[in-house]
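The values are calculated or read from the model by the stated rules, or taken from the named source; none is laboratory data. Predicted, not measured: the structure shown is a model, and the values here were computed from it. Note: ideal-geometry Cβ built from the backbone for every residue, glycine included; neighbour counts use all protein chains shown. Just so you know, the surface numbers come from the protein's heavy atoms only, side chains and all, with ligands and any DNA or RNA stripped out. Shrake-Rupley method; radii C 1.70, N 1.55, O 1.52, S 1.80 Å.
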Amino acid sequence: MRRDEFLKSLAALAAVGALPLNAQAAANLKMMIPANPGGGWDTTGRALGKALQDAGLAASVSYENKGGAAGAIGLAQFVNASKGDPNALMVMGAVMLGGIITGKPPVDLKTATPIARLTSEYNVFVLPASSPLKTMKDVVEQMKKDPASVKWGGGSRGSTEHIAAAMLAREAGLDASKINYVPFRGGGEATAAILGGNVTVGGSGYSEFQQYIESGKMRPIAVTSPTRLKGLNIPTLKELGYNVEIGNWRGVYAAPGIAPEAQKALVDMITAVFRNKSWVDALEKNGWTPALLTGKAFHDFVDQEFAMLRAVMVKAGMI
């Protein structure tokens, strides 16, 4: 089913309440967002919390931002402070997996409880409007002249945009370990750096750059998708001649040590929120593709993503 058809189906279900609500409302849900405000995890966590409240699945939701190390700092705090708490959730995604692979933190996702994958999207690379470079070809040619002169700005080390930049460098015949990548603790910091001209190229999900692209403050030059994103006149890296394709996704984990019935209740709660109008609207507004995956299927997916990202990083010369 195409993304637009799925969103219409979700909207229809939200309007008529066609699915049963089996998840119990949590009195006080706590949402760990392991990134600074303003980025994709922050937007996702707060949109999810609002939808859970609007659907009556949570009486209240409190948020805590703890950025750094591709989410590993927030993950460590979440695991240590929330053990056994059935009302605690943490936003996570592909970026955290990449950070765990490159940073090897003492605490990893195996200590937490998988709940659900929520969304998927592809990265877009942008230039500040004032940049003398105009296209991705210009960026690559500049890298060939002097790799250090091109500053790539994006999420933490090991993020999907970092991996994409390394893959692109390798495709261009350059040493991927020599790329000048500047990691940021949150999307807000990365956006400010791009707009201020402090980095040459920025990478993130389209939703994080949308308002600046539409206002003309950023110029999109490529996306990491296999085909062009619907309604957007942005070339893919593949059509530009570079065999680079990588997707991003976001999900939620629960605290370690919760009972199986508590895990099931949280899975049911997240499944139910996918028919809520607030969540359907958030998907549409931010250009997120709904990608619900729960239970053992989500657990297995994360294991497969770890293996895939590790293989890509090895090939790109990142590890």
Next on the checklist: Being surrounded by fewer than 20 Cβ atoms within 10 Å (Cβ to Cβ), closer than 17 Å to Val267 by Cα and touching a residue at least 60 places away in the same chain (Cβ under 8 Å) is the filter here; which residues of segment 54-85 pass it?
Outcome noted: Gly84, Asp85
Next on the checklist: Of all residues being touching a strand residue (DSSP E or B) at 6+ places or on another chain (Cβ under 7 Å) and open to solvent by less than 20 Å² (accessible area, probe 1.4 Å) in segment 86-100, which is nearest to Met318 (Cα to Cα)? Just the residue, please.
Outcome noted: Ala94
Checklist entry - Mind checking which pairs have a first residue in segment 238-261 that is without any contact (Cβ under 8 Å) to a residue 12 or more places away in the chain and a second that is among the hydroxyl-bearing types (Ser, Thr, Tyr) and surrounded by fewer than 17 Cβ atoms within 10 Å (Cβ to Cβ), Cβ under 6 Å, 6 or more apart or different chains? => result none
Checklist outcome for this item: Note on Arg219: of the conditions (1) open to solvent by 30 Å² or more (accessible area, probe 1.4 Å); (2) out of contact with any Leu (no Cβ under 6 Å at 6 or more places or on another chain); (3) not aliphatic (A, V, I, L, M); (4) not in a loop (DSSP other than H, G, I, E, B), unmet is (2)
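Can you name every residue in segment 39-53 that is among the hydroxyl-bearing types (Ser, Thr, Tyr) and open to solvent by less than 10 Å² (accessible area, probe 1.4 Å)? Quick ask: steps written out before the conclusion?
Within segment 39-53, the first condition is being among the hydroxyl-bearing types (Ser, Thr, Tyr), and the residues that meet it are 43-44.
The one that is among the hydroxyl-bearing types (Ser, Thr, Tyr) and open to solvent by less than 10 Å² (accessible area, probe 1.4 Å): Thr44.
Taking the condition of being part of a strand (DSSP E or B) and under 19 Å from the mean Cα position of the chain (by Cα), how many residues in segment 174-209 meet it?
8
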